[in-house]
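Single-structure report; data block below.
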Amino acid sequence: METKERADAARNRAKVLDAAARLFAAGDPRAVTMEDIARAAGVGRGTLYRRYPDVASIAAALLDEHERLLQGELLQGAPPLGPGAPPRERLAAFFTAMIDLLEQHGHLVLGAEAGAKRFAVGAYGFWRAHVMALLREAGTPDPEALADALLAPLAPEVYLHQRGQGLSTDRLKTALTRLAHAATP
């Protein structure tokens, strides 16, 4: 049975998420602290820690909706992103969609999925399973060993580094499309 969120808890959650979104967008999300978020939201640290154990969990809450939309497109959307296209085209479309997600929400991804935390979040498991399924469907040898390597260019640190080096999203999409085609026979 689902319990209804109390009105004051819902207001505090909204204030926390709004404050965190502003702080993450304003600078390096890795430098944002729980104290910063509590102060910006106008809530006590206890209120903050009651719902969120750390900054990464707040970033993950903000990112969750965007990742769910993409997951829905992968499962039920129109081809080539959704079912019905050849695996190599679906993989290329996935890479393109991930570049778009990183471009729009890279600061949140960096806050939620930097370093080893990347492998612990549910979205990474979903992306990995999706890539492995496409590789299997394409007949690519050893998809388990290749899936993480294909996802590595989508690590937020790598993506933001490349953008900082002046690489456009179009160049990155083109490069990842070539990678998708090379990985799928």
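The values are calculated or read from the model by the stated rules, or taken from the named source; none is laboratory data. Bear in mind the structure is a predicted one, so any value in this text is a computation, not a measurement. In this analysis, Cβ positions are derived from the backbone assuming ideal geometry, glycine residues included, and neighbour counts consider all displayed protein chains.
Among Gln104, Gln76, which is the only one that is polar (S, T, N, Q), modelled with pLDDT of 95 or more and surrounded by fewer than 18 Cβ atoms within 10 Å (Cβ to Cβ)?
Gln76
With respect to Leu91, is the statement that it is at pLDDT below 95, buried (at least 18 other Cβ atoms within 10 Å of the Cβ) and part of a helix (DSSP H, G or I) true?
Answer is no for this residue.
Within the set of pairs 6 or more residues apart or between chains, which connect a residue that is without any contact (Cβ under 8 Å) to a residue 12 or more places away in the chain inside the stretch 63-83 to a residue that is among the polar types (S, T, N, Q) with Cβ atoms less than 8 Å apart?
Gly82/Gln76; Pro83/Gln76
Only one of these conditions is not met by Gly84: (1) buried (at least 16 other Cβ atoms within 10 Å of the Cβ); (2) under 30 Å from Pro143 (Cβ atoms). Which number is it?
(1)
To keep it simple, each residue is scored yes or no on (1) over 17 Å from Gln104 (Cα atoms); (2) modelled with pLDDT under 80; (3) outside the structural domain of Pro156 (by TED's automatic domain parsing); (4) assigned to a helix (DSSP H, G or I).
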site	(1), (2), (3), (4)
Val16	yes, no, yes, yes
Ala19	yes, no, yes, yes
Arg39	yes, no, yes, yes
Gly46	yes, no, yes, yes
Tyr49	yes, no, yes, yes
Glu67	no, no, no, yes
Gly82	yes, no, no, no
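Rundown of residues vs (1) at pLDDT 95 or above; (2) polar (S, T, N, Q); (3) touching a strand residue (DSSP E or B) at 6+ places or on another chain (Cβ under 7 Å), yes/no style:
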{"site": "Thr140", "(1), (2), (3)": "yes, yes, no"}
{"site": "Leu146", "(1), (2), (3)": "yes, no, no"}
{"site": "Leu150", "(1), (2), (3)": "yes, no, no"}
{"site": "Glu157", "(1), (2), (3)": "no, no, no"}
{"site": "His161", "(1), (2), (3)": "no, no, no"}
{"site": "Gln165", "(1), (2), (3)": "yes, yes, no"}
{"site": "Thr169", "(1), (2), (3)": "yes, yes, no"}
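For the stretch 165-174, does any single residue satisfy the condition of being among the aliphatic types (A, V, I, L, M) and part of a helix (DSSP H, G or I)?
The answer is yes, given that some residue of the stretch 165-174 is among the aliphatic types (A, V, I, L, M) and part of a helix (DSSP H, G or I).
Quick check on the stretch 112-122. Is at least one of its residues modelled with pLDDT under 90, outside the structural domain of Ala19 (by TED's automatic domain parsing), in contact with an Asp or Glu (Cβ under 7 Å, 6 or more places away or on another chain) and not in a helix (DSSP H, G or I)? Break it down into steps so the answer makes sense when it comes.
So in the stretch 112-122, the residues modelled with pLDDT under 90 come out as 112-122.
With outside the structural domain of Ala19 (by TED's automatic domain parsing) added as a condition, the list becomes 112-122.
Subsequent filtering for residues that are in contact with an Asp or Glu (Cβ under 7 Å, 6 or more places away or on another chain) retains 114, 121.
From what's left, not in a helix (DSSP H, G or I): 114, 121.
For the stretch 112-122, residues modelled with pLDDT under 90, outside the structural domain of Ala19 (by TED's automatic domain parsing), in contact with an Asp or Glu (Cβ under 7 Å, 6 or more places away or on another chain) and not in a helix (DSSP H, G or I): present.
Which ones in the stretch 20-53 are farther than 21 Å from Ala10 by Cβ and surrounded by fewer than 20 Cβ atoms within 10 Å (Cβ to Cβ)?
Across the stretch 20-53, the qualifying residues are Ala25, Ala26, Gly27, Asp28, Arg30, Ala31, Thr33, Glu35, Asp36.
Taking the stretch 23-64, which residues are under 17 Å from Leu102 (Cα atoms) and not hydrophobic (A, V, I, L, M, F, W, C)?
Selection gives Gly27, Asp28, Pro29, Arg30, Asp64.
Arg136 versus (1) under 22 Å from Pro83 (Cβ atoms); (2) at pLDDT below 90; (3) basic (Lys, Arg): which is the lone unmet condition?
Checking Arg136 against (1) under 22 Å from Pro83 (Cβ atoms); (2) at pLDDT below 90; (3) basic (Lys, Arg), the one that fails is (2).
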